[in-house]
1. I'd like to check something: does the stretch 53-63 contain any residue that is basic (K, R) and touching a helix residue (DSSP H, G or I) at 6+ places or on another chain (Cβ under 6 Å)?
2. Looking only at the stretch 30-79, which residues are farther than 25 Å from Q18 by Cα, charged (D, E, K, R) and in a strand (DSSP E or B)?
3. Looking at L42 and the list (1) modelled with pLDDT of 90 or more; (2) over 19 Å from A1 (Cβ atoms), which single condition is not satisfied?
4. Cβ contacts < 9 Å: first residue free of Cβ contacts under 8 Å to residues at least 12 places away in the same chain, restricted to the stretch 32-56; second residue open to solvent by less than 60 Å² (accessible area, probe 1.4 Å) and part of a strand (DSSP E or B), any location; separation 6+ or different chain. Result?
5. Restricting to the stretch 1-20, and then to whatever is in contact (Cβ under 8 Å) with a residue 24 or more places away in the chain and under 12 Å from F39 (Cβ atoms), can you tell me which residue is least open to solvent (accessible area, probe 1.4 Å)?
6. Report yes if L51 is open to solvent by 70 Å² or more (accessible area, probe 1.4 Å) and either closer than 22 Å to E9 by Cα or touching a strand residue (DSSP E or B) at 6+ places or on another chain (Cβ under 6 Å) (or both), otherwise no.
7. Return yes or no: is V23 in a strand (DSSP E or B), surrounded by 14 or more Cβ atoms within 10 Å (Cβ to Cβ) and either among the hydroxyl-bearing types (S, T, Y) or free of Cβ contacts under 8 Å to residues at least 60 places away in the same chain (or both)?
Amino acid sequence: AVVREVKEELGVASRAVQLAFIVENRFEQTGVHYHNIEFHYLVDLLEDAPLTMQEDAKPLPCRWLALDDLRTVNLKPAFLKTALPDWDGQLRHIHLKE
């Protein structure tokens, strides 16, 4: 699924290298309680990184950043701003609460 999503959004071949984070998120929206689980993988691009990505019919610019620069952008999910630069290569289970 990760490889397919990278191909769909960025238009390049990739391979999933390692599961890095399992994230559990509990939140409430308009009175409904949710619990979602996300799997975040380290991915190698097998082609040159693109300068644009496709979102529906609209091309959007890509910005490739150094890990240390993640803290300076509005990154979603926000935990990645600190978790990626500090990641030690081991699978981490993260619990988020609204």
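The values are calculated or read from the model by the stated rules, or taken from the named source; none is laboratory data. Predicted, not measured: the structure shown is a model, and the values here were computed from it. Counting neighbours? That spans all protein chains shown, and the Cβs are built from the backbone with ideal geometry, glycine included. Heads up: the accessible areas ignore ligands, DNA and RNA and are worked out on the full protein's heavy atoms, side chains in. Shrake-Rupley method; radii C 1.70, N 1.55, O 1.52, S 1.80 Å.
1. No; the residues of the stretch 53-63 include none that is basic (K, R) and touching a helix residue (DSSP H, G or I) at 6+ places or on another chain (Cβ under 6 Å).
2. Matches in the stretch 30-79: E55, K58.
3. (2)
4. Hits for this filter: H33/F27; Y34/N25; Y34/F27; H35/E24; H35/N25; H35/F27; T52/L60.
5. Step one: list which residues in the stretch 1-20 are in contact (Cβ under 8 Å) with a residue 24 or more places away in the chain, which gives 2-3, 6, 8-20.
Imposing the further condition that a residue be under 12 Å from F39 (Cβ atoms) reduces the set to 2, 16, 18-20.
Working: V2: 43, A16: 49, Q18: 63, L19: 43, A20: 6 Å².
For the stretch 1-20, the residue satisfying everything is A20.
6. Details: open to solvent by 70 Å² or more (accessible area, probe 1.4 Å): yes; either closer than 22 Å to E9 by Cα or touching a strand residue (DSSP E or B) at 6+ places or on another chain (Cβ under 6 Å) (or both): yes.
So L51 passes the test.
7. Considered against the rule, which asks whether it is in a strand (DSSP E or B), surrounded by 14 or more Cβ atoms within 10 Å (Cβ to Cβ) and either among the hydroxyl-bearing types (S, T, Y) or free of Cβ contacts under 8 Å to residues at least 60 places away in the same chain (or both), V23 comes out as no.
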